[in-house]
Structures are given as C-alpha cells and as structure tokens.
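Worksheet: the structure to be examined is printed underneath.
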Amino acid sequence: MSHPHEGLARALAETEQQVRRYRRLVEADPDRHSPGLASALDAHALLLGLSARRKDAVPVAREAVDLYRDLTRRKPDEYASAFASSLINLGNQLAELGHHHHALVPMREAVELCRHLASAGPELVSSLEFIGIKLGEMGRHDEGMRLMRAGRLDDALVLFRQVIDVLDGESAAAAMASPLHNLAFVLTKLGRYGEALGPLDRAVHIHRALATSDARRLPQLASSLNNLGWLLLALSRFEDALVPLNEAVALYRRHVESPDGHARSLYNLGVGLGHLRRHREAVTATEEAVDLLRPLAASDSGAHRAGLADALTWLGKQLRHLGRHHEARAAEREARRL
C-alpha cells in the first residue's frame, strides 16, 4: 500500500503535467483551452498548498484567478462558480502563509460573487459558510495567537472587524458566528466588556437558529451561551446572566457531552447565584461543578487545576454564608492543596 505522501506527490506531478500540456494548447487555441488551463492551475495550486509549498501555490492560484475572472466576464453563468472557488483557494493559500489581511481581498470578492449567484441556493450558503470558517480561523490560530502573544490586541481587533465586514449580510449569517465570537474574545481581552456584548449576543442568536434544524450545532450554542453568561457576570448583570447560564447548563445536561463545558457553566451559574445572595442554590450548582472538575483535574491537572481551585474557593464562601463553616473549611483546604 502506498504512503499518503506518495499519492499526493503523484497527484502533484500529474497536475503539473496538465498545466504544461494546457499551456501548449492555449498557445494554439486560447479560446478553446483557457478553461482547461484555469482548472489545471487551480488544482495544482491546491495540491502545492497541501504539500506545504504555500509560497509556490500563491502565484499559481493567482494565475487561475486571473483566467477565471476573464472567463467569467465573458460567460458568467458558466464560470462564476469556478471563479469563486479559485478566489477561495487563493485566499486560503495567503491565509496559511499568515498574510491574512491580503487574504481578505479574494475572500471578499468570493463573497460578493456568491451573493450575486442567488439562484445557487444551498450552494451559496455552503460557499459562504466555508468562507466564514476560513476567515474565522484567521487570528484564532496562527496570526491571532501571534498578535495576542505580542500584545497586539488592537491589530487582532482590526482583523476580525474586517472579516465581519466581508461577511455581513443575511445571506452569510451562518458564516458570521465564528468571527463574531472571536471579535468578542479580543474585546474581552482588552477589557472592553460592554463592546463585546453585542457581537457575542449576535453569535448566540446565529448558533440558536442553526441548532433548531441541526443538532450538531448544539455544542457551539451551549459554549456561546456560557460565554455570554460569563460576560454578563463581568458586567455585574447577575440577574441577566442567569438566563443564558441556565440554558447552557440544561443543554450540557441533556444534549451535549462535555464535562469541561458543563462544569464551567455550572461554576458561572453558581457565581451569579452567589452574587444575588441565593447562596443555597449557589452551593448546589458549585458542588456539581466541583464533582465534574475533580476527575478532570486528576487526569489533566495543568488544564483543570486552577478551575477546580476557583470552584472550591467559591464553594467555601457560599457555605460560610449558610453557616456551614466546617464544610467551608474543608473546601478551602482542598483548594489550597491544589
């Protein structure tokens, strides 16, 4: 059985041969063979990218885009879809090189092209959602992490706002959730909680709408509800925070298998209840969070020890409000040992 890399190398060599062959044919009859060359270039660029040769892929992808742009001007009904695909391919290659702002240019053109293809129906939604995923990844991984580690949060903010500007509109609503969520995350890192509320609330509404027809979206809905609840807590809107947090807890309890997400939503709920002096309910929620976090911390202390310590500390405070001092001291001792 051949190794996957061998199959990729063979496919890459085949597309390279196709590009050479179509170049010769185009010299003799450009009108007839330009579509074949555009297709071969687009495929070759894709495979160069998959082979970790992104720098080589970009000029090839650009040539494919230029050819498809010319073909689309002449026969839009026949080539617009392939043109959009080639623009996405170019944007993806640029994004993988970390050139995210440059990648926005072909991505923006692809979005506008897709919007004009109103008859595409599900294909339009699929294309826009794919673009949204790719744009959402910009800043969340490579460049975003670099910007945040370097303290360049304002640059990350500009990036996400540009992404949202590209996608904004009803036809691209499904693609907006991830960029909106990332924008809210950067704003909270900057301490601009009030500004973060709007985009995060929009992300929740999008996730809720998608989850009504696709249960696979429920984990994203639960997570965004928990994050919205946390943000409202940070704004001292404790009563308001209980609404999304209770919904998040219910989703984790009934539909979404995620002990970590379930624990975080319960802890946040306990914090909200405690601030509202509903200490008995706060203890119930926080105890359940602690029970979920203990095995997680035992298996991966680096990821969950701090969360368990926070939950135990909050549990101790709530128990003291109820006069259960012996249990409070036990929780606080366990937190100090972590």
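Report yes if Ala11 is of a type in the set (Gly, Ala, Ser) and either within 21 Å of Arg69 (Cα to Cα) or open to solvent by 60 Å² or more (accessible area, probe 1.4 Å) (or both), otherwise no. So Ala11 fails the test.
Confirm whether Arg54 is open to solvent by less than 90 Å² (accessible area, probe 1.4 Å) and within 24 Å of Ala84 (Cβ to Cβ). So Arg54 fits the description; yes. Report whether or not Val65 is modelled with pLDDT of 90 or more, open to solvent by less than 60 Å² (accessible area, probe 1.4 Å), within 30 Å of Leu157 (Cβ to Cβ) and in contact with an Asp or Glu (Cβ under 9 Å, 6 or more places away or on another chain). Criteria met by Val65. Could you go through region 220-236 and let me know if any residue there is at pLDDT below 95, surrounded by fewer than 18 Cβ atoms within 10 Å (Cβ to Cβ) and closer than 20 Å to Pro179 by Cβ. The answer is no; no qualifying residue exists.
The set of residues in region 180-194 being more than 18 Å from His205 (Cα to Cα) and either open to solvent by less than 20 Å² (accessible area, probe 1.4 Å) or not in a helix (DSSP H, G or I) (or both) consists of Val186, Leu187, Leu190, Gly191, Arg192. If we scan region 249-265, do we find a residue that is assigned to a loop (DSSP other than H, G, I, E, B), touching a His at 6+ places or on another chain (Cβ under 8 Å) and either at pLDDT below 95 or open to solvent by less than 40 Å² (accessible area, probe 1.4 Å) (or both)? The answer is yes; a qualifying residue exists.
Scoring Ala38 on the criteria (1) in contact (Cβ under 8 Å) with a residue 40 or more places away in the chain; (2) closer than 23 Å to Leu159 by Cα; (3) among the small types (Gly, Ala, Ser) leaves a single failure, condition (2). For Glu239, the test of being over 22 Å from Gly270 (Cα atoms) and either among the acidic types (Asp, Glu) or at pLDDT 95 or above (or both) is failed.
Taken together, the criteria exclude Leu210 from residues that are part of a helix (DSSP H, G or I), hydrophobic (A, V, I, L, M, F, W, C) and in contact with a Gly (Cβ under 7 Å, 6 or more places away or on another chain). Within region 38-96, the set of residues being among the basic types (Lys, Arg) and under 16 Å from Val19 (Cβ atoms) comprises Arg53, Arg62.
The values are calculated or read from the model by the stated rules, or taken from the named source; none is laboratory data. Keep in mind it's a predicted model, so treat the numbers as computed, not measured. Please note: Cβ atoms are built from the backbone with ideal geometry, for glycine as well, and neighbour counts cover all protein chains shown. Accessible surface areas use protein heavy atoms only, side chains included; no ligands, DNA or RNA. Shrake-Rupley method; radii C 1.70, N 1.55, O 1.52, S 1.80 Å.
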